[in-house]
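Written below as structure tokens is the structure these notes are about.
The values are calculated or read from the model by the stated rules, or taken from the named source; none is laboratory data. Source: prediction; values computed, not measured. Note that we place each Cβ from the backbone using ideal geometry, even for glycine, and neighbour counts take in every protein chain shown. For the accessible areas, the whole protein counts, side chains as well, though only heavy atoms, and no ligand, DNA or RNA atoms are used. Shrake-Rupley method; radii C 1.70, N 1.55, O 1.52, S 1.80 Å.
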Amino acid sequence: MFPTGFVWGAATSAYQIEGSITADGRGTSIWDSFCSQAGRIVEAHNAEIAIDHYNRYRDDVRLMADLGLSAYRFSVSWPRIQPDGSGSYNAKGLDFYKRLVDELLSYGIDPWLTLYHWDLPQSLEDAGGWPARDTSKRFADFAATVHAELADRVRNWSTVNEPWCAAFLGYASGEHAPGRREPEAALRAAHHLNLAHGLAVQAMRAQSADSQIGGCVNLYAISPATGSEADRDAARRIDGLQNRFFLDALLKGAYPEDVLEDLGHISDLAFIQDGDLATIASPIDMLLVNYYSRFTVSGAPGGAASAAAAPTDSGSPWVGSEHVGFVNGGRPVTAMGWEIDDAGLFEVLTRLVDEYPRIPLYISENGAAFDDALGDDGTIHDPQRRDYIEAHLRICHAAIEAGVPLQGYFAWSLMDNFEWAWGYGKRFGLVYVDYESQVRTLKSSALWYADTIRHGGLLGRAQ
């Protein structure tokens with residue numbers, strides 16, 4: 001049984017579900033532009049319709065209520081609210097989120113709002129994007145605008161979702177929008193995303209002391225392939241860039257010295273200005289953790305192949321450590337090629353307690369893609385997803401028993417949706433979506449999750 005008050009949720013992001021990319025004054029985002037470029041998205045898919053949540057949100061909220069969710073984590077679309085990334089807000093765009101929040105509250109579902117899940121207004125990218133310092137300031141203004149309009153009904157806020165992805169997949173490997181392959185620009189983007197977080201926290205704090213505000217990071221358990229010095233150094237490097245670069249900045253107010261040394265031949269890091277780290281480390285009320293898998297890495301020459309390849313042509317996101325190889329650790333994998341390692345979640349959570357100031361924690365994303373198929377009887381049986389979620393929830397419970405201040409869990413994702421560069425070929429949802437008819441069907445994992453929520457804990461083992 002989980003503690004009373006434990007938050008049971010599911011999560012989505014605006015660009016992956018909303019569709020209606022030109023409706024009611026919405027501006028163009030970097031993902032709209034990215035999808036229009038040949039070779040960027042598998043099978044040239046786009047999110048013009050996605051799963052039509054913009055028009056079907058009431059039905060989707062009823063699904064959440066059917067599942068018994070106590071909370072729903074969603075993001076707002078920056079170009080829907082500020083079409084050009086700055087200036088006055090678009091009332092029609094903001095009104096959509098007001099209606100969504102009101103609908104959630106009418107069912108007793110707590111809205112958890114994420115301000116940025118990668119859909120930067122194209123006009124800001126044209127002005128330099130995240131490598132430009134000014135984008136951080138524009139984000140703080142955006143955060144203040146949304147917060148001022150919704151803080152009376154939304155208590156829980158997070159700033160930037162997975163800044164590692166936005167910086168290094170967007171500006172180093174080019175796998176994500178805006179599709180640039182500029183290692184030095186990626187470092188500037190990473191810092192400015194961190195700075196944007198801190199500035200947004202300060203802007204919202206100035207408006208309300210009641211809001212619960214957090215950052216959101218995607219963390220990995222990381223192991224060297226062998227005990228060799230090269231492999232151990234590879235693990236240190238990837239841990240530094242993936243985990244510690246963001247955790248140390250948010251929770252300790254400093255970047256790791258060894259990581260800065262790793263990056264010294266890429267940049268002089270002059271973009272890190274006096275006072276930036278203090279701003280980035282502005283006090284937060286919670287840390288949101290997205291966890292999916294473990295990395296097993298090697299520094300041996302010629303070991304740079306990855307067990308989970310990018311869907312389209314891309315470079316390395318590992319700025320300064322491009323030589324590091326990612327090897328298969330022999331574990332089962334999801335349809336994404338990601339190794340399933342629930343034990344790694346325990347490592348991540350206990351590390352946060354052991355190495356950082358104590359802070360309430362939430363698993364804000366955890367889930368898996370599998371090759372789901374609609375059965376002849378109209379049902380979707382997905383025992384692999386049930387097993388995945390159950391195993392990770394058992395780890396969550398063990399972590400709580402071990403003293404980790406873990407207070408909630410959000411499954412990724414509520415519904416099948418547009419999976420970025422993979423298009424519609426990968427399904428993470430608890431709810432199956434027929435992309436032609438837009439009909440939603442609860443998968444067997446969703447029914448199991450609803451039962452788990454109803455009982456406040458796990459009943460028996462997965463079958």
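When 320, 330, 302 are checked against the criterion of being crowded, with 19+ Cβ neighbours inside 10 Å and assigned to a loop (DSSP other than H, G, I, E, B), a single residue qualifies: 320.
Residues in the stretch 233-243 that are open to solvent by less than 30 Å² (accessible area, probe 1.4 Å) and over 13 Å from residue 191 (Cβ atoms): 234, 235, 238, 239, 240, 242, 243.
Does residue 357 satisfy being under 23 Å from the mean Cα position of the chain (by Cα), free of Cβ contacts under 8 Å to residues at least 12 places away in the same chain and on the phi < 0 side of the Ramachandran plot? It is false that residue 357 is under 23 Å from the mean Cα position of the chain (by Cα), free of Cβ contacts under 8 Å to residues at least 12 places away in the same chain and on the phi < 0 side of the Ramachandran plot. Residue 279 meets all of the listed conditions (1) assigned to a helix (DSSP H, G or I); (2) open to solvent by 40 Å² or more (accessible area, probe 1.4 Å) but one, namely (2).
Among the residues of the stretch 9-25, those that are under 21 Å from residue 408 (Cα atoms) and either touching a helix residue (DSSP H, G or I) at 6+ places or on another chain (Cβ under 7 Å) or not in a loop (DSSP other than H, G, I, E, B) (or both) comprise 9, 10, 11.
From the list 387, 377, 371, the lone residue that is at pLDDT 95 or above, surrounded by fewer than 17 Cβ atoms within 10 Å (Cβ to Cβ) and closer than 27 Å to residue 414 by Cα is 371.
Which pairs turn up if I take residues in the stretch 326-343 that are without any contact (Cβ under 8 Å) to a residue 24 or more places away in the chain and look for partners that are open to solvent by less than 50 Å² (accessible area, probe 1.4 Å) and not in a loop (DSSP other than H, G, I, E, B) with beta carbon separation below 8 Å, at least 6 apart in sequence or on another chain? Listed by first residue and then by second, the contacts come to 332/339.
Going by what's in this entry, would residue 52 be described as of a type in the set (Asp, Glu), surrounded by fewer than 24 Cβ atoms within 10 Å (Cβ to Cβ) and in contact (Cβ under 8 Å) with a residue 60 or more places away in the chain? For residue 52, the condition - of a type in the set (Asp, Glu), surrounded by fewer than 24 Cβ atoms within 10 Å (Cβ to Cβ) and in contact (Cβ under 8 Å) with a residue 60 or more places away in the chain - is met. The residues listed here are 177, 186; of these, the one that is of a type outside the set (Asp, Glu), more than 16 Å from residue 119 (Cβ to Cβ), at pLDDT 95 or above and out of contact with any Leu (no Cβ under 6 Å at 6 or more places or on another chain) is 186. What about residue 10, is it open to solvent by 20 Å² or more (accessible area, probe 1.4 Å), small (Gly, Ala, Ser), within 24 Å of the chain's Cα centre (by Cα) and under 18 Å from residue 418 (Cβ atoms)? No. Scanning the stretch 284-297 for residues that are within 19 Å of residue 114 (Cβ to Cβ) and not in a strand (DSSP E or B) turns up 284, 285, 291, 292. Scan the stretch 397-412 for residues that are touching a residue at least 60 places away in the same chain (Cβ under 8 Å) and either in a helix (DSSP H, G or I) or surrounded by fewer than 23 Cβ atoms within 10 Å (Cβ to Cβ) (or both) and the total you get is 3. Being in contact with a strand residue (DSSP E or B) (Cβ under 6 Å, 6 or more places away or on another chain) and of a type in the set (Ser, Thr, Tyr), is that true of even one residue in the stretch 190-210? No, that holds for no residue.
Among what's in the stretch 342-368 and is closer than 19 Å to residue 406 by Cα and part of a loop (DSSP other than H, G, I, E, B), pick the residue that is most open to solvent (accessible area, probe 1.4 Å). Only one residue fits best here, namely 358.
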